[in-house]
1. Could you size up the charge dipole of the chain around its Cα centre, putting +1 on the beta carbon of Lys and Arg and -1 on that of Asp and Glu, and report it in debye to the nearest 20?
2. Measuring from centroid to centroid over Cα atoms, what is the spacing of segment 18-73 and segment 130-175 in Å?
3. May I have the extent of the alpha carbons of the chain along their three principal axes, as whole Å values ordered from largest to smallest?
4. In whole Å and largest first, what semi-axes does the C-alpha gyration tensor of segment 55-179 yield when each eigenvalue is scaled by 5 and square-rooted?
5. Which residue fluctuates most in the GNM of the chain (Cα springs below 10 Å): 81, 132, 150?
6. Work out the FRET efficiency for residue 47 and residue 88 from their Cβ-Cβ distance, taking R0 = 22 Å, and round it to the nearest 0.05.
7. With labels modelled as points extended 7 Å from the Cα through the Cβ direction, what inter-label distance (nm, one decimal) is found for residue 17 paired with residue 225?
8. With bins 5 Å wide starting at 0, give me the P(r) of segment 183-226 over every alpha carbon pair, in whole percents.
Amino acid sequence: MRDIPSVPESSISEALAARLPAPVAAPWTTSGSGLMWIARAAPGASANHQAGLPYDRALPLTIAAFLRYDEGPVGAYDELLAMPDVVFGDRRLSLHVPFIAVDSEASIAGGRGNWALPKTLASFEWEQRDGLVHRIKAEGEGWSTEARVLWSGPRVPLWLRARQRQVRADGSVIAVPLRSRGVGRLARVDVHTEGPTLPGWLPSGVRFGVAIEHAVHRILPAIEEPRR
């Protein structure tokens, strides 16, 4: 569990790893609200991929999201995830997550055990106004990320059908099919990050985003890729 490659902010202690429960097996279906934002990737963002991730090139688009799951196989929990860019390999675009934090030990176990997602433990502050997210802050050991909605506008449908690629502790690469659908509102988001690496590839600033009113997410069992 501890040896899954990640950025420093996503590491877990030996004590935490020792007390994690057995992973709840995939697939998982969850639902809830959240806030996501995108930005042009900072120079060198690709250096923060999980070690050993094979890819041909990267699309310089950083994606991050706060998600609040109201229900799912391990119950309700909050989550922050971030992707330095979108990778291109084997003639396909793929998502890739080297940093992800939650406030649920069962979610940490499931993420690391099922999909090589380097989940770590964090505390969350979540504020809403008129039924829509307004401000969220996640804080872990030596890092923090805060996002505040400056403006929200028209409602838009949300839909995702994608592949995510992750690296296991033994260096093998897996592909994870993802499915999401929901509704949200276009938004401007003020982001602030602190930590050893986050300010360099998930920098502070005003970003374009979507305030998610409600969405259903499905993450399927991992598929092992052939070694290159």
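1. Details: 26 positive and 24 negative charges, 196 e Å.
My answer is approximately 940 debye.
2. So the separation of the two Cα centres works out to 7 Å.
3. Taking the Cα atoms of the chain, the three principal extents are 47, 37, 33 Å.
4. Numbers: eigenvalues 128, 75, 40 Å².
Taking √(5λ) for each eigenvalue gives 25, 19, 14 Å, largest first.
5. In the Gaussian network model the winner is 150.
6. On the way: r = 17 Å, r/R0 = 0.75.
Given R0 = 22 Å and the Cβ-Cβ separation, E is 0.85.
7. The two pseudo-label positions are separated by 2.4 nm.
8. 5, 16, 13, 14, 13, 19, 15, 5, 0
Taken together, the values in this text are just the output of simple stated rules run on the coordinates, not laboratory data. Not measured: the values here are computed from a predicted model. Please note: Cβ atoms are built from the backbone with ideal geometry, for glycine as well, and neighbour counts cover all protein chains shown.
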